[in-house]
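Chemist: Sharing a structure, written as C-alpha cells. Questions coming.
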Amino acid sequence: MKNLTWWYRVTGAVYLILGLSWLPPLTAATLTQKIPDFDGPAGGVAARGFGDWMLMFSLDLLVLGVFLLIGSRRPIAWLPLLWLTLALGLVRGIADDVYMIARGYPPLPFIGFIALHAAIIVWGLLAWRGVRRRQGAPLSAR
C-alpha cells in the first residue's frame, strides 16, 4: 500500500509542478521555447490566445495534482483516479507527445515527457499490482 500511496503523492506533485509551469505568465515568458518559430507578435492576439488556451491545460493539470494528493490519504478508495491518471498519461501524455513530434516540433522535450508519462504509468500499474497481490485477489479481478 505504501508504494501506491507514494505513487499518488509523487504523481500529484509532478502534475502540480507541470500545471504551474503552464500558467499564462510563465507561458508568455517562454513562448518561443515552447513553440519554436512562433510568428505572432508578443502580446498580440495569437500570443494571448495561446496563453488563454494554455490556462485551461494548466488548470487541468493543477486539479489533477490536487486530487492525487487528496487521494493519497486513501488510495484504494480513490482507485478510479489512478485509472483516470494512467489513461490521461497514455492519451494526453504519450500519444499527444508522439503527435507533436510527428508535426515537426523539437523532439527532445517531448521524448522527455514521454519518458515521464511512461514512468508514471509503469509505476502506477506496479503499485496497483502489488496491492492486489497483498490483498490476495487475482490480478484479473478488476
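The values are calculated or read from the model by the stated rules, or taken from the named source; none is laboratory data. Since the structure is predicted, the reported quantities are computational estimates derived from the model, not experimental observations. Cβ atoms come from the backbone with ideal geometry, glycine included; neighbour counts cover every protein chain shown.
Chemist: Looking at segment 110-130, I want the residues that are farther than 14 Å from Leu18 by Cβ and modelled with pLDDT under 95 and have a partner that is surrounded by 14 or more Cβ atoms within 10 Å (Cβ to Cβ) and among the hydrophobic types (A, V, I, L, M, F, W, C) with Cβ atoms under 8 Å, at least 6 apart or on another chain. Which pairs are those?
Modeler: These pairs meet every condition: Gly130/Leu4.
Chemist: Further question: Please state which of the following conditions Leu68 fails to meet, knowing it meets all the rest: (1) in a loop (DSSP other than H, G, I, E, B); (2) at pLDDT 95 or above; (3) of a type in the set (A, V, I, L, M).
Modeler: (1)
Chemist: Right, another one. Of (1) surrounded by 13 or more Cβ atoms within 10 Å (Cβ to Cβ); (2) more than 16 Å from the chain's Cα centre (by Cα), Pro109 satisfies all except one. Which?
Modeler: (2)
Chemist: Name the residue that is nearest to Leu108 (Cα to Cα), counting only residues in segment 10-55 that are among the charged types (D, E, K, R) and in a helix (DSSP H, G or I).
Modeler: Lys34
Chemist: List pairs: first residue in segment 69-90 and touching a residue at least 24 places away in the same chain (Cβ under 8 Å), second residue outside any helix (DSSP H, G or I) anywhere in the structure, Cβ distance under 6 angstrom, at least six positions apart or on different chains.
Modeler: That search, which allows pairs on different chains as well, returns Gly71/Trp78.
Chemist: With the structure loaded, tell me whether Phe50 is crowded, with 16+ Cβ neighbours inside 10 Å, out of contact with any strand residue (DSSP E or B) (no Cβ under 8 Å at 6 or more places or on another chain) and either modelled with pLDDT of 95 or more or under 18 Å from Pro24 (Cα atoms) (or both) or whether it fails that test.
Modeler: So Phe50 passes the test.
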